[in-house]
Amino acid sequence: MKLNEIKLSNPYLTLPDECHDRVTPAPLKNAFLIHANEEVAKMLDIDVEELNTESFANFANGVLALEGSETFAMCYAGHQFGHFVPRLGDGRAINIGTINNLHMQLKGAGQTKYSRSGDGRAVLRSSIREYLMSEAMFGLGIETTRALALIGSKHEVYRQSWEKGAIVLRVSPSWVRFGTFEYFAHKKKYKELEALADYAIAESYPHLMDEPNKYLHFFTEVVGKTARLMAEWQAVGFNHGVMNTDNMSIAGLTIDYGPYAFLDDYDFQYICNHTDSGGRYSFGNQPNIGEWNLRAFMLALSPLVNSDRLEKIIEHYPRLYTERYLYLMGKKTGLDKAQESDIDLFKHLLGMLQGLNIDYTLFFRTLSHYSGDRSDMLKLALFHKPMNDWLDSYDERLKENSSSTEERQEIMLETNPKYVLKNYMLQEAIDAAEEGDYSMINDLFKIAQNPYAEHENFERWAGATPDEFKNKKLSCSS
């Protein structure tokens, strides 16, 4: 459809007024389109030809309001680094309407009631990172929000220095967070809490709407989705960096991309967020934080469901996480039938990677081609004995496989990406964009959509991260 043919809906506005606040976007000055996502446009029934029009750029900048649009910010609370903050909300994201059950937001479109003295803007570097990484996670098969468009501008925004403002037009089947429930539970607004729960069930778990114990089943689903998401992050080597409860989705989505990172060399204790001095959100601690956040959500939901019943559900989280993680690691190593001893094999593997400082993504992609000749594997390690010791165990384990070497390799190549968007790659794109060259954004977007493919033109990004860029930390404004 053409933009002028689209009619938006606003289902979230059916909730009580305290759940949201009406706000009008403040467009950027001299804005222009940097990139648009054709796949997301098709999901929204927007004609691809529309993406190159001035009207579309105006739409992504908050200038053009489509029919039915009612713009608003969402209210929520949250535990930030373990400390409860009773009132947060969309400080720089403005909801503009829904198409095909996908809710659109302009991130960086100005102040809202929840900006807390901030300017409500997003800078180009952080916008590039979110735009590309949300698509990269989708390409990896991990549940995530996505983005329709990225616009730049000549608009000056001050952080540590003056930078250019940008907006990401991002989309999601849900923007409801653990912290959304915490807000109303903390204020003892149980009528609004129940309305929110009913809305979230209808939005993300419609098969539960007529269940007699729907709130209990709802919690069960969220526990399962969260366990699965944590396992997928760990298996692919993704560190979110800011797992506050206001950054946790009740739909099991990866949301709010800030100081995230894919692992360079494997490091269980890696911290990608330089403000996280205690390592609360370190890579290795993410599964534990997933459970911690679920317990905060459980407390918020307890006015609607008996706490003892909720406790019995959350007790399954460690098992659900472990089962999914072991399944994914089995696929990454090409094991076609799980065995109890596989846990020891995986522990041995991760210990070896930690000790030898081996690039996580490159290791598994190289292993995907392994057929007995160890030369390529040994090239990854400065010291060969630990690698040989693990490969001895791996070779013995492969004897238990029923699949052929070729079948195993095929599965592994479809499981272990050749490319992930590491921070040094994104920084290169950001540096070029800040000089007016947006070509690398297009290149990395192609990689993001097809991370398992062989991209001959981008081979330089398939190797280990250069030493000077390994495992660096970033700020929350990144």
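All of the numbers you see were taken from the coordinates with simple rules; none came from a lab. Just so it is clear, the structure is predicted and the values come from calculations on it, not from any experiment. With ideal geometry, Cβ positions are generated from the backbone for all residues, glycine too; neighbour counts draw on all protein chains shown.
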Checklist entry - Please state the Cα pair-distance histogram of the range 18-177 with 10 angstrom bins from zero: what percent is in each bin? => result 11, 40, 38, 11, 1
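Before anything else, pin down the relative contact order of the range 261-353: Cα pairs under 8 Å, at least 6 apart, normalised by residue count, whole percent.
Working: 41 pairs, mean separation 18.5, N = 93.
Contact order relative to length: 20 percent.
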Checklist entry - If each Cα of the range 249-374 is one equal point scatterer, what is log10 of I(q)/I(0) from the Debye formula at q = 0.12 Å⁻¹? => result -0.63
Checklist entry - Can you pull the three principal axis extents for the Cα set of the range 116-221, in Å, largest first? => result 54, 36, 16
Checklist outcome for this item: Inter-part gap, Cα centre of the range 323-386 to Cα centre of the range 1-70, in whole angstrom, is 45
Checklist outcome for this item: Cα-based Rg then Dmax for the range 296-438, in Å, read 20.5, 60
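What's the long-distance tail for the range 47-126, i.e. % of Cα pairs beyond 14 Å?
On the way: 2177 of 3160 pairs.
I get 69 percent for the Cα pairs in the range 47-126 exceeding 14 Å.
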Next on the checklist: At 7 Å along Cα-to-Cβ for each site, give me the label-to-label distance between residue 2 and residue 400 in nm.
Outcome noted: 6.4
Next on the checklist: Quick check: net charge around residue 74, other residues with Cβ under 9 Å of its Cβ, Lys/Arg +1 and Asp/Glu -1?
Outcome noted: -1
Next on the checklist: Take residue 55 and residue 195, extend 7 Å from each Cα along the Cα→Cβ direction, and tell me the distance between the two endpoints in nm.
Outcome noted: 3.5
Checklist entry - Taking residue 225 as the anchor, which aspartates and glutamates have their alpha carbon closer than 20 Å to its alpha carbon, excluding any fewer than eight residues away along the same chain? => result 135, 143, 182, 198, 203, 211, 246, 256, 291, 311, 315, 323
Checklist entry - Over the alpha carbons of the range 227-267, what is the largest minus smallest coordinate on each principal axis, giving the biggest first in Å? => result 31, 21, 11
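Considering Cα pairs under 8 angstrom that are at least six residues apart, work out the relative contact order of the chain and quote it in whole percent. Before the final figure, lay out each step's value.
Numbers: 903 pairs, mean separation 72.2, N = 478.
The normalised contact order for the chain reaches 15 percent.
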Item to check | Distance in nm between pseudo-label sites at residue 308 and residue 340 (7 Å out along the Cβ direction from Cα) | outcome: 3.4
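Need one number: the % of Cα-Cα pairs in the range 415-473 sitting beyond the 17 Å mark.
On the way: 682 of 1711 pairs.
Cα-Cα pairs in the range 415-473 separated by more than 17 Å: 40 percent.
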Next on the checklist: Please enumerate, by chain and number, the lysines with C-alpha under 22 Å from the C-alpha of residue 42, excluding those fewer than 8 residues away in the same chain.
Outcome noted: 2, 7, 107, 446
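In deg cm²/dmol, rounded to 500, what helix-only [θ] at 222 nm does the chain give when every DSSP H run of at least 4 residues adds -39500 (n - 2.57) and the total is split over its residues?
On the way: 16 runs with 192 residues, N = 478.
That comes out to -12500 deg cm²/dmol.
Quick one: compute the contact order of the range 368-464, relative version, from alpha carbon pairs under 8 angstrom and 6+ residues apart, as a percent.
Once normalised by length, the contact order is 28 percent.
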Next on the checklist: Quick check on packing: order 192-203, 406-417, 4-15 by the mean number of other C-beta atoms within 10 Å, highest mean leading.
Outcome noted: 192-203, 406-417, 4-15
Checklist outcome for this item: Per the 1/(1 + (r/R0)^6) rule, R0 = 22 Å and r from the Cβ atoms of residue 299 and residue 18, FRET efficiency to 0.05 is 0.65
Item to check | For the range 267-341, radius of gyration divided by Kirkwood radius, i.e. Rg to Rh on alpha-carbons | outcome: 1.09
Checklist outcome for this item: Assertion target for 335, 349, ordered by fewest C-beta neighbours within 10 angstrom first, is 349, 335
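What does the net charge come to around residue 17 if you take all other residues with beta carbon closer than 14 Å to its beta carbon, with K and R at +1 and D and E at -1?
Numbers: positive: 22, 113, 187, 189, 191; negative: 18, 21, 70, 192.
Result for the local shell: +1.
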Checklist outcome for this item: Listed by chain and number, the lysines with an alpha carbon less than 19 angstrom from that of residue 470, same-chain partners under 8 positions apart left out, are 379, 418, 422
Checklist entry - Once volume of the Cα convex hull per residue in Å³ is worked out from the coordinates, which option in (1) 170; (2) 142; (3) 152 does it equal? => result (3)
Item to check | Cut-off 11 Å between beta-carbons: net charge of the residues surrounding residue 139, Lys and Arg +1, Asp and Glu -1 | outcome: 0
Next on the checklist: I'd like the Karplus ³J(HN,Hα) series for the range 460-467: coefficients 6.51, -1.76, 1.60, θ = phi - 60°, whole numbers in Hz, and an x wherever there's a Gly or Pro.
Outcome noted: 5, 8, 8, x, 5, 5, x, 3
Checklist entry - In terms of modelled amide H atoms, which long-range or inter-chain residues lie less than 5 Å from the amide H of residue 358? => result 266
